[in-house]
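K.L.:
The structure follows.
The values are calculated or read from the model by the stated rules, or taken from the named source; none is laboratory data. The model shown is predicted, which means the values in this text are computed figures rather than measured ones. Note: ideal-geometry Cβ built from the backbone for every residue, glycine included; neighbour counts use all protein chains shown.
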Amino acid sequence: MHVIATAGHVDHGKSTLVRALTGMEPDRWAEERRRGLTIDLGFAWTRLPTGERIAFVDVPGHERFVASMLAGVGPVPAVLLIVAATEGWMPQSAEHLAALDAFGVRDGLLVITKSDLADPEPARAEGLDRLAGTSLAGLPSIAVSAHTGAGLDALRGELAALTKRLAEPAADEDVRLWVDRAFTIKGAGTVVTGTLGGGTLCPGDELTTQTGTPVRIRGLQTLAEDTHQVTPVARVAINLRRVERQTVGRGTALLTPGAWRSTDVVDVQLVRDAPNSGNLVFHLGSAAVATHLRPLGNGFARLTLNKPLPLRVGDRGLLRDPSQRHITGAVILAVRPPALARRGAAQARSMELAAVADAPRRLGTALRLRDRGFAHTTDLRAEGLLPDREPIQDGWYADKAAWKSCVEQAAEELAGWIRDHPAATGIPADALRQRLGLPAQELLGGVLESAGLEVSDGLVHRKGAADVLPPATADAVRAIEAELVDAPFQAPSADRLAELGAGHQELAAAVRTGRLVQLAPGVVLRADAIGHAEQILAGLPTPFSVAEARMALDTSRRVAVPLLELLDRRGTTTRLPDGTRTNTQRPKNLGL
């Protein structure tokens, strides 16, 4: 299917032409038919003699309904620009052309209607002249009469040729369907319609709106026929499950979950001169959002939207000043721009944007990374950017300057942490990640490798320094070891540990480096004590009680109980139901 919009001045025969081509009534509302003009979007479709199916989005031509016109024109790739031979070029012809040019619509047909009532050539010549210098310059033209049927067969031939010129969108793209109508059908619930420009829809699919509301497709129709799959480009009606119509009105986007990022601040390149007024409306798809424009210089600007929209780099929207009827196009170059806080920041930003404007999706990646430092593949895709370099790790991309800064800062942060925590052998890995501003833990490994650092037991330290204790901690550990030489199982009390300068951090460092073994909080022995205990207990007749083990080891229950529990876990001893223990295996001879 191919979807084409109509455009042109009021009463120039848009709906009449669509009716003649399709045999369908595009003006669906009674008021429209009564008044003889289109006030909302109309839809009709036909099959060409070549077999191609074409759906028409018939937009209103009256100036009071320009917002509805933009909602219909925005999502489609081609247009029938209609000018009546009886009146020629008119004000709404110019406004519709300005909108089409702003949206970047590049293909279609110039159709001169009512050719049975007046010579079509003056209107054709003026129309082609008006198209010069716009995105629709050089458009094929044809004169027709919907009343007599003259030229309709030739028009169908031109439409067939037009379908061959239109690029085929990708069916595997992320879905972003702009809703242009929402209504309720008794027995079915909420139904929305829109033009599917990319991606594939199937009943049962989960989608989400730009506000995060999840929706599920209950049923699909295209051209009034139920279908199990819709691929682009297509007019589609979607029956949504358990969704109120008010939450999915015109301007809502139905999205592939997790594939889009909504934003309310974007940097753009203006296709024409910026409107003078601050009372602007930004149009994209069927959305229309009040917008504040801040000029950056050299044809670039920052837009602050009144509500977030799912936008990507390369999207082409339209800025309209309703009071002055001024329209200009806006190509999105950045969807997560940095703040402009310092003097001269706006001018500097315009120069950055100028460097990527020719290919914003690819060149903009470097700008995005310079703005934020790091980005994951999913972030780049959600923002419409294409990678311009190899990932540094696990799908992550980095700005070279930001990466170098992190590598240099890592060693400085480690030194500062140890200076502030004399008992520490390293800085906790997550604390270092936060100080470096890394967005994900997996990035830390690459930084540490480049900085000559490593992680051990959750602490970052210099390579080879995992077993090196700080001087004060080493002194405390040596004192503890000395006290345990003659009484290896007489663990120092908490008060004695404090006297020796061994607090929680010092003990943790000693245990981590293998100098001491911890049986319970505040209960530590020399590292070789476990093997020594296994040798002593192996000589006891089994089963033996805790009291017998305590006497053999010359220690207290404070040490004996957690020591036996440790030996149980190691498989050296086995605890019996009555609380006694037996030796499970003889320990290796450690030469003690």
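K.L.:
Restricting to the range 321-356, count the residues that are among the charged types (D, E, K, R) and over 22 Å from A375 (Cα atoms).
P.N.:
So the answer is 4.
K.L.:
Within the range 364-404, can you find the residues that are surrounded by fewer than 21 Cβ atoms within 10 Å (Cβ to Cβ) and basic (K, R)?
P.N.:
Of everything in the range 364-404, those that are surrounded by fewer than 21 Cβ atoms within 10 Å (Cβ to Cβ) and basic (K, R) turn out to be R370, R372, R381, R389, K400, K404.
K.L.:
Look at L309 and say whether it is modelled with pLDDT of 90 or more, farther than 18 Å from L367 by Cα and either β-branched (V, I, T) or not in a loop (DSSP other than H, G, I, E, B) (or both).
P.N.:
Values: modelled with pLDDT of 90 or more: yes; farther than 18 Å from L367 by Cα: yes; either β-branched (V, I, T) or not in a loop (DSSP other than H, G, I, E, B) (or both): yes.
Judged against the criteria, L309 is a match.
K.L.:
How many of the residues making up the range 208-247 are touching a Lys or Arg at 6+ places or on another chain (Cβ under 8 Å), on the phi < 0 side of the Ramachandran plot and of a type in the set (K, R)?
P.N.:
Matching residues across the range 208-247 total 3.
K.L.:
In addition: Suppose the filter is within 14 Å of N583 (Cα to Cα), modelled with pLDDT of 90 or more, hydrophobic (A, V, I, L, M, F, W, C) and surrounded by 17 or more Cβ atoms within 10 Å (Cβ to Cβ); does L519 pass it? Reasoning before the result, please.
P.N.:
Working: within 14 Å of N583 (Cα to Cα): no; modelled with pLDDT of 90 or more: yes; hydrophobic (A, V, I, L, M, F, W, C): yes; surrounded by 17 or more Cβ atoms within 10 Å (Cβ to Cβ): yes.
The answer is no for L519.
K.L.:
To continue, here is another question. Against the definition (over 25 Å from L100 (Cβ atoms) and out of contact with any helix residue (DSSP H, G or I) (no Cβ under 9 Å at 6 or more places or on another chain)), how does R343 come out, yes or no? Quick ask: steps written out before the conclusion?
P.N.:
On the way: over 25 Å from L100 (Cβ atoms): yes; out of contact with any helix residue (DSSP H, G or I) (no Cβ under 9 Å at 6 or more places or on another chain): yes.
Yes: the conditions hold for R343.
K.L.:
What tally of residues in the range 536-575 results from selecting those that are within 60 Å of the chain's Cα centre (by Cα), of a type in the set (D, E, K, R) and not in a helix (DSSP H, G or I)? Walk me through how you get there before you give the answer.
P.N.:
Filtering the range 536-575 for residues within 60 Å of the chain's Cα centre (by Cα) gives 557-575.
Retained after the next criterion (residues that are of a type in the set (D, E, K, R)): 557-558, 565, 568-570, 575.
Those still in the list that are not in a helix (DSSP H, G or I) too: 575.
Number of matching residues: 1.
K.L.:
Kindly provide the set of residues from the range 498-526 that are touching a residue at least 12 places away in the same chain (Cβ under 8 Å) and in a strand (DSSP E or B), ordered by number.
P.N.:
Residues of the range 498-526 touching a residue at least 12 places away in the same chain (Cβ under 8 Å): 500-503, 505-507, 509-517, 519-520, 522-526.
L516, V517, L519, A520, V523, V524, L525, R526 - these are the residues of the range 498-526 that are touching a residue at least 12 places away in the same chain (Cβ under 8 Å) and in a strand (DSSP E or B).
K.L.:
Conditions first: (1) in a loop (DSSP other than H, G, I, E, B); (2) surrounded by 18 or more Cβ atoms within 10 Å (Cβ to Cβ). D267 passes all but one, so which condition is the exception?
P.N.:
(1)
K.L.:
Can we say G452 is within 30 Å of C406 (Cβ to Cβ) and of a type outside the set (F, W, Y)?
P.N.:
Values: within 30 Å of C406 (Cβ to Cβ): yes; of a type outside the set (F, W, Y): yes.
Criteria met by G452.
K.L.:
Continuing with the same structure: Go over the candidates A301, A253, A288 one by one and state the one that is closer than 17 Å to A102 by Cβ, in contact with a Pro (Cβ under 6 Å, 6 or more places away or on another chain) and among the hydrophobic types (A, V, I, L, M, F, W, C). Walk me through how you get there before you give the answer.
P.N.:
Values: A253 fails: closer than 17 Å to A102 by Cβ; A288 fails: in contact with a Pro (Cβ under 6 Å, 6 or more places away or on another chain).
Among A301, A253, A288, only A301 is closer than 17 Å to A102 by Cβ, in contact with a Pro (Cβ under 6 Å, 6 or more places away or on another chain) and among the hydrophobic types (A, V, I, L, M, F, W, C).
K.L.:
Restricting the first residue to the range 345-357 and requiring it to be not assigned by TED's automatic domain parsing to the domain that holds V266, which pairs with a second residue that is at pLDDT below 95 and surrounded by fewer than 17 Cβ atoms within 10 Å (Cβ to Cβ) meet a Cβ separation below 7 Å and a spacing of at least six or different chains?
P.N.:
Correct list of pairs: empty, since none qualify.
Quick grid of which residues meet (1) at pLDDT below 90; (2) touching a helix residue (DSSP H, G or I) at 6+ places or on another chain (Cβ under 7 Å):
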residue	(1), (2)
I185	yes, no
V192	no, yes
Q210	no, no
T213	no, yes
I217	no, no
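K.L.:
Let me ask something else about it. Please go through the range 161-216 and pick out each residue that is in contact with a strand residue (DSSP E or B) (Cβ under 8 Å, 6 or more places away or on another chain) and among the small types (G, A, S). Let's see the steps before the verdict.
P.N.:
Residues of the range 161-216 in contact with a strand residue (DSSP E or B) (Cβ under 8 Å, 6 or more places away or on another chain): 162-163, 165-166, 174-185, 188-211, 214-216.
Answer for the range 161-216, where residues must be in contact with a strand residue (DSSP E or B) (Cβ under 8 Å, 6 or more places away or on another chain) and among the small types (G, A, S): A182, A188, G189, G194, G197, G198, G199, G204.
K.L.:
State all residues of the range 216-231 that are part of a loop (DSSP other than H, G, I, E, B) and either within 15 Å of L255 (Cβ to Cβ) or small (G, A, S) (or both); if no residue qualifies, say none.
P.N.:
Within the range 216-231, the subset part of a loop (DSSP other than H, G, I, E, B) is 223-224, 227-229, 231.
A224, the sole residue that qualifies.
K.L.:
Still on this model: Within the range 1-80, considering only helices (runs of 4 or more DSSP H) that don't extend past its boundaries, which have at least 1 residues that are at pLDDT 85 or above?
P.N.:
Working: elements: 14-22, 30-35, 66-73.
Result: 14-22.
K.L.:
With the structure loaded, tell me whether G426 is farther than 21 Å from F374 by Cβ, touching a residue at least 24 places away in the same chain (Cβ under 8 Å) and among the small types (G, A, S) or whether it fails that test.
P.N.:
On the way: farther than 21 Å from F374 by Cβ: yes; touching a residue at least 24 places away in the same chain (Cβ under 8 Å): yes; among the small types (G, A, S): yes.
Taking the combined requirement at face value, the residue satisfies it.
K.L.:
Sticking with this structure for a sec: Would you pick out the residues in the range 183-198 that are assigned to a strand (DSSP E or B), out of contact with any Phe, Trp or Tyr (no Cβ under 9 Å at 6 or more places or on another chain) and within 22 Å of L311 (Cα to Cα)? Reasoning before the result, please.
P.N.:
Applying the first criterion (assigned to a strand (DSSP E or B)) to the range 183-198 yields 183-185, 189-196.
After this cut, where a residue has to be out of contact with any Phe, Trp or Tyr (no Cβ under 9 Å at 6 or more places or on another chain) as well, the list is 183-185, 189, 196.
Of everything in the range 183-198, just one residue is assigned to a strand (DSSP E or B), out of contact with any Phe, Trp or Tyr (no Cβ under 9 Å at 6 or more places or on another chain) and within 22 Å of L311 (Cα to Cα), namely L196.
K.L.:
Does the range 199-215 hold any residues that are without any contact (Cβ under 8 Å) to a residue 40 or more places away in the chain, assigned to a loop (DSSP other than H, G, I, E, B) and of a type outside the set (D, E), and which are they? Step through it out loud before you land on a result.
P.N.:
Within the range 199-215, the first condition is being without any contact (Cβ under 8 Å) to a residue 40 or more places away in the chain, and the residues that meet it are 200-205, 212-213, 215.
Then drop every residue that is not assigned to a loop (DSSP other than H, G, I, E, B), which leaves 200, 202-205, 212-213.
Result: T200, C202, P203, G204, G212, T213.
K.L.:
Identify the single condition in (1) of a type in the set (G, A, S); (2) surrounded by 15 or more Cβ atoms within 10 Å (Cβ to Cβ); (3) within 24 Å of D174 (Cβ to Cβ) that G299 does not satisfy, given that it satisfies every other one.
P.N.:
Going through the list (1) of a type in the set (G, A, S); (2) surrounded by 15 or more Cβ atoms within 10 Å (Cβ to Cβ); (3) within 24 Å of D174 (Cβ to Cβ), G299 breaks only (3).
K.L.:
If you don't mind, another one. Which of the residues spanning the range 527-555 are in contact (Cβ under 8 Å) with a residue 60 or more places away in the chain and more than 21 Å from T513 (Cα to Cα)? Spell out the reasoning first.
P.N.:
Step one: of the range 527-555, the residues in contact (Cβ under 8 Å) with a residue 60 or more places away in the chain are 528, 531-532, 553-555.
Correct list: L553, D554, T555.
K.L.:
I'd like to verify a number: residues in the range 85-107 that are of a type in the set (V, I, T) and either farther than 17 Å from L318 by Cα or in a helix (DSSP H, G or I) (or both), how many? Lay out the reasoning, then the answer.
P.N.:
Here is the first cut: in the range 85-107, the ones of a type in the set (V, I, T) are 86, 105.
Retained after the next criterion (residues that are either farther than 17 Å from L318 by Cα or in a helix (DSSP H, G or I) (or both)): 86.
Going through the range 85-107 one residue at a time, the tally reaches 1.
K.L.:
Go through (1) buried (at least 20 other Cβ atoms within 10 Å of the Cβ); (2) in contact with an Asp or Glu (Cβ under 9 Å, 6 or more places away or on another chain) for V447 and report which single condition fails.
P.N.:
So V447 meets the others, but not (2).
K.L.:
Pick from R165, R106, R181, R176: which is surrounded by 16 or more Cβ atoms within 10 Å (Cβ to Cβ) and either small (G, A, S) or within 30 Å of G88 (Cα to Cα) (or both)?
P.N.:
R106
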